[in-house]
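The values are calculated or read from the model by the stated rules, or taken from the named source; none is laboratory data. The shown structure was predicted, so the numbers you read here are calculated from the model rather than taken from an experiment. Note that we place each Cβ from the backbone using ideal geometry, even for glycine, and neighbour counts take in every protein chain shown.
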C-alpha cells in the first residue's frame, strides 16, 4: 500500500467552501475576513473613499426634507423649550420615552434655535452617522465589500431617511443599535478595556434612546451567552470575556433601576392614553405584517402601492428556497437573529396591543436587514459584473421608493400641518378662532402659528361672539373618537354658521366658518 | 497507478455524512412535532369546500398538495428513525469476489477503480473486471493489475446480466460490487464484512459519493441530491430495516443472491427490484453510513438527464411490483415512497400551470380568500417542511439541487407516460466524462416552459396591473428563477476542471 502525500494541506477546506457556497471565516476566531473563493477584498483606501462618497450622498438625501413638522415632533419641540427641570417633569408625567433624544434636542434648540431644519439636526446627524456605522458592522462581520454595499443601501433607504428627517428619537435608536452590535463584536474578538467601554457606552445610549432598544440589548445578552458556551466547548480562553460580560451586565442593571423607576412614573401618569394620537387599528393581520415589512425596505407609500408591493410575497418563497444549504455561518445567524428577533417580539406583543407593531418601533432591525441583503449580494453572486448590476438594481428600487415616499401625498405618514396652517394664517384675522383636533395639535399650532387664538375641539362649539372666522383643523380622522367629535362639532357649526371654505391637505382637513 | 496526472477520486472527503452535533433523528422528531399540527392546520383549512375556486384547478392543487404532504410525512418518518451503524470488521478472514462491471467506459477512469479494488484489506480479495464492451484495453488493464477478467459472448440484461454471468464463474461466499468509476477505500471490507456474521443479512450498502462535486455545477447539484439520500434518508431507512440496494459500493452474500436467482434482468433499476425480492424472501439489509468509495457524478446535463430517466423509468415501473409485494407494511411503504418520488415532476408542472391559467383565463384553484389568509395557513407549514429538509440534510441539500430536480420535472412526466403505455426502456450507462459544449437541447422542455411563463406574464401585465396580476407574475417569476437555475449548467460554457491543490486520500495502488 502506497500512501500518496498531500499536495496542499488546506485545499480541502477551500473545496469544501466551494461546495457549500460562501463559507465565512469563523466569527469567534482571529479576524479572518473573507476572501471567499480567493477573491481579494476591496482595498482599504478605495473603501474609505467610497464610504465618504456614500455618506455624503446619504447626508444630501437626508437634508432634502420636503415635509413640515408633524404632531410628535411638535411635542418634542415644545418640551425642548422648557427649562431642564420642567423638561424632566414633563417627560415623567406626560411622555413615554427615555430622555436622551429630548436632551439632545433641548441643547440643539438652545444652541441654534427651533427652525424646521435645526430641530431635525440631531436626527440628521445620527441618521448620517449610521451609514458608516453600518459599514463598520458589515466589515466586522464579513468584509469591506459587504460593508460598502450595506452602507449604500442604508444611505438610500427610504425608511432610514424618513426617520433621519424627523425630530424624534428613532434615528438615535438606529445609530446606537448599530454601534452596540459593532462594539460587541469588537469586544468578542478583542476584549480590551477600550472595546468594553465602547460597548457599554453604545448599549447605554441605545437604552436611553428608546425602551424598545431593550429588544436588541436582550438579543445581545443571548449572543454573549452563546459566545461563552462556544468558548467553553472549544476550550478557548473565557476569563476576559466572562469578566467583561458580567461587568457590562452590572452596568446595564445599574441603568435599568433608575430607568424603570422613570418608566413606571411615565406609564403610571399617562395611563391608557398614549403620548400621541394614533389611528384605529384593526387586529394584527398577515397583511399588516407584510405591508410593514414592505415599508421597512421601500418606505411609506399609499395603500394601493403597498398592496402591489405586498403582492410580491411569492418572492419570499424563492428567498427561502435560495437559503437551502446556505446555513452555517455564525455571523449570518447572529445578524439574522438580531434583525428578526425584535420584529418577532413586536408581532407577538401586537397580538395584544396592535399599535405596537409599527416600522418605527423596529427601526433598529432595518439596517440589519439591509446588511443581510448586502451579504446575499456579495456572498452569493460570484461574477463582479452581476454583483454590480444587482446592487444597482436594488439601489434603483430604493431610490424609486424614496421618491414616491417623499413626494406622494398619499403617503399614510405624511401630515401636512404646515400647509394647512399656512392657509389658515392667510385667511385669519385678529378675531379668528381655531378649533383643533386632536388635542395635541396645539403644539403644532404653537410652532407654526403661535399668534392665533385656539382651543381644542373637545371644549365644544364656540358661541358667535367668541370669534370669527372659526377654523376647524382636524387630523387623525382614522381614530373613531376624533372622527366622531370632529363630525359633531363641524355639523353644529354648519348649522349655526356659514361654511365659506373647506380644504384638505395630506391627513389634515380644514373648515372655515363665519 | 492511474494514467491521469491526478484524479479527484483520490482526494480527501468533503462530506461528513453524520452531523457531529444534534442527531438527525432528534432534529427531525422535534420538527415533526411542530410540523404535524401545522400540516393539519393547513390541510384542514384547504380542504374546506368553501375554498373551491375553479373546480378542476382545485382538484389539481389538492392532488399536488396531498402528494407533497405524503412525501414530506414519509421523509419525516424515515429520518426520525435514523440509525447510525459503526464500521464492523470481520472476526475471521473470508473470501470476497469484487466485481467491477464495465461497458465502454474510458480506461483511465476504470484504471484507478481496479487499482483500488485490488488493494482492499481485511479479506481474501479476488477482483474481476466484467467487461461487457469487449474492450481489449480493459483486458490489458486487468492483466496489468493481475486481476480477473470476464468477457461475455452474449451481452443480454445489461449490468444485471453481466453480474449474473459472473456469478456463474466465481465462487467466493461474498461479492462486492463497484461501478466502473468508484474507487474503493482500502477499509471497505473491514467496515462492512463484519455485518455478514449475521446469517440473515443479504447485503450491506454504503454511500455513493461524488468526488467531482466541485468540478462543475451539475456534479455539485447532483451530489447535493445524493447527499440527502445517502445521508439522512438512507440512515432512516436503515432504522426501519428498509435499506434497498443501490447497485454500487455494496457487499452481497452470494447465498442470498442465488436464493432469488441473481439480479432481475428485465428492469432498468435492477437493484431496486432485487431488494424487494430479497426482503420478500426474508433477508435483511444493512446500511453503513461511512463513505467507503469515491465515484464520479454526472458531469453534464445529458449525463444527468440520462441517469434520471433510467432511475425514473425503473422506479416507476417497479412501483406496481412494490405495491403487490408481500412485505411488512412499513417496508412496503418505504419502497412505495421511494419509487413515487419520481412522480413529483407532475406537481411541479401543476404549480407552474397555475399562474399561466390565472393570467390567461382568470381561473384559480382557490377562491374567496385573501392572500394573508392563505399565508397564515400555508406559510408555517411550508417553513417547517423546508427547515426540516435543511436540518436533515445538515446543509448539504442546496437550492441548486432543488432547482436541478425542478427543471427536469418533464423526465418524471415522460417516464410516467412511458410506464403507463408500457413502452420499452433501455439501460444507458451514465457517461463518466462531461461534454465540452453547451447542451441546451437537454433542457429544452424547461426552456419552453420558461418561455411560456415569461410571455404570459408580459401579456398579463399589459392587460392588467392590479395586485392579483402582480401576485401571479411573481409566482411565474419564482418558477422562472428556479427553472433557469436548474437549466443554467446546460446553458453555460463548461468549466475546465481545477487540478491544483488537492489533498489526497489513502488509496491502495
### Query
Residue check: is residue B:419 buried (at least 17 other Cβ atoms within 10 Å of the Cβ), in a helix (DSSP H, G or I), away from chain A (no Cβ under 14 Å) and modelled with pLDDT under 95?
yes
### Summary
Picking from A:121, A:161, the residue that is surrounded by fewer than 21 Cβ atoms within 10 Å (Cβ to Cβ) and more than 25 Å from residue A:382 (Cα to Cα) would be A:121
### Task
Could you tell me whether the range A:58-68 includes any residue that is at pLDDT 65 or above and either within 14 Å of chain B (Cβ to nearest Cβ) or in contact with a strand residue (DSSP E or B) (Cβ under 8 Å, 6 or more places away or on another chain) (or both)?
no
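Matching residues to (1) under 23 Å from residue B:182 (Cα atoms); (2) modelled with pLDDT under 90; (3) within 27 Å of the chain's Cα centre (by Cα):
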site: B:407; (1), (2), (3): no, no, yes
site: B:446; (1), (2), (3): no, no, yes
site: B:455; (1), (2), (3): no, no, no
site: B:463; (1), (2), (3): no, no, no
site: B:481; (1), (2), (3): no, no, yes
site: B:486; (1), (2), (3): no, no, yes
site: B:490; (1), (2), (3): no, no, yes
site: B:508; (1), (2), (3): yes, yes, no
### Task
Would you tally the residues in the range B:333-364 being farther than 30 Å from residue B:320 by Cβ and crowded, with 17+ Cβ neighbours inside 10 Å?
7
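So that you can scan it fast, the table gives a plain yes or no per residue for (1) crowded, with 20+ Cβ neighbours inside 10 Å; (2) over 29 Å from the mean Cα position of the chain (by Cα); (3) within 14 Å of chain B (Cβ to nearest Cβ); (4) modelled with pLDDT of 95 or more:
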{"site": "A:10", "(1), (2), (3), (4)": "no, yes, yes, no"}
{"site": "A:39", "(1), (2), (3), (4)": "no, yes, no, no"}
{"site": "A:43", "(1), (2), (3), (4)": "no, yes, no, no"}
{"site": "A:51", "(1), (2), (3), (4)": "yes, no, no, yes"}
{"site": "A:74", "(1), (2), (3), (4)": "yes, no, no, yes"}
### Message
Considering only the range A:136-145, I want to know if a residue exists there that is assigned to a loop (DSSP other than H, G, I, E, B), over 30 Å from residue A:107 (Cβ atoms) and out of contact with any strand residue (DSSP E or B) (no Cβ under 6 Å at 6 or more places or on another chain).
### Response
yes
### Query
Which condition number does residue B:265 fail, the rest of (1) part of a loop (DSSP other than H, G, I, E, B); (2) within 22 Å of residue B:84 (Cβ to Cβ) being met?
(2)
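For (1) free of Cβ contacts under 8 Å to residues at least 12 places away in the same chain; (2) surrounded by fewer than 17 Cβ atoms within 10 Å (Cβ to Cβ); (3) at positive phi, each residue gets a yes or a no:
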| site | (1), (2), (3) |
| --- | --- |
| B:367 | no, yes, no |
| B:374 | yes, no, no |
| B:384 | no, no, no |
| B:387 | no, no, no |
| B:390 | yes, no, no |
| B:402 | no, no, no |
### Task
Would you confirm whether any residue within the range B:187-208 is more than 26 Å from residue B:256 (Cβ to Cβ) and at pLDDT 90 or above?
no
### Query
Conditions: (1) modelled with pLDDT of 95 or more; (2) within 14 Å of chain A (Cβ to nearest Cβ); (3) farther than 30 Å from residue B:47 by Cβ. Residue B:294 meets all but one. Number of the miss?
(1)
### Message
Looking only at the range B:372-386, filter to residues that are within 9 Å of chain A (Cβ to nearest Cβ) and more than 20 Å from residue B:483 (Cβ to Cβ); which one of those is modelled with the lowest pLDDT?
### Response
B:372
### Query
Restricting the range A:321-338 to residues that are more than 10 Å from chain B (Cβ to nearest Cβ) and more than 12 Å from residue A:375 (Cβ to Cβ), which is modelled with the lowest pLDDT?
A:330
### Task
Could you look through the range A:206-217, keep only residues that are assigned to a helix (DSSP H, G or I) and in contact (Cβ under 8 Å) with a residue 24 or more places away in the chain, and pick out the one that is surrounded by the fewest Cβ atoms within 10 Å (Cβ to Cβ)?
A:217
### Query
Any residue in the range A:417-438 that is in contact (Cβ under 8 Å) with a residue 60 or more places away in the chain, assigned to a helix (DSSP H, G or I), surrounded by 20 or more Cβ atoms within 10 Å (Cβ to Cβ) and in contact with a helix residue (DSSP H, G or I) (Cβ under 7 Å, 6 or more places away or on another chain)?
yes
### Message
Just to be sure before I move on: is residue B:392 modelled with pLDDT of 95 or more and closer than 28 Å to residue B:8 by Cα in the structure I sent?
### Response
no
### Task
For the range B:333-351, state whether one or more residues are in contact with a helix residue (DSSP H, G or I) (Cβ under 6 Å, 6 or more places away or on another chain) and within 14 Å of chain A (Cβ to nearest Cβ).
yes
## Note on the structure
The residue from B:213, B:220 that alone is touching a helix residue (DSSP H, G or I) at 6+ places or on another chain (Cβ under 7 Å), in a loop (DSSP other than H, G, I, E, B) and either at pLDDT below 95 or closer than 16 Å to residue B:18 by Cα (or both) is B:213
### Query
Which members of the range B:398-416 meet the condition of being within 10 Å of chain A (Cβ to nearest Cβ) and more than 28 Å from residue B:471 (Cβ to Cβ)?
none
### Query
Which fully enclosed helices (runs of 4 or more DSSP H) of the range B:120-204 have 1 or more residues being at positive phi?
B:158-169
### Query
Given B:76, B:15, B:41, B:45, which one is closer than 25 Å to residue B:409 by Cα and surrounded by 15 or more Cβ atoms within 10 Å (Cβ to Cβ)?
B:76
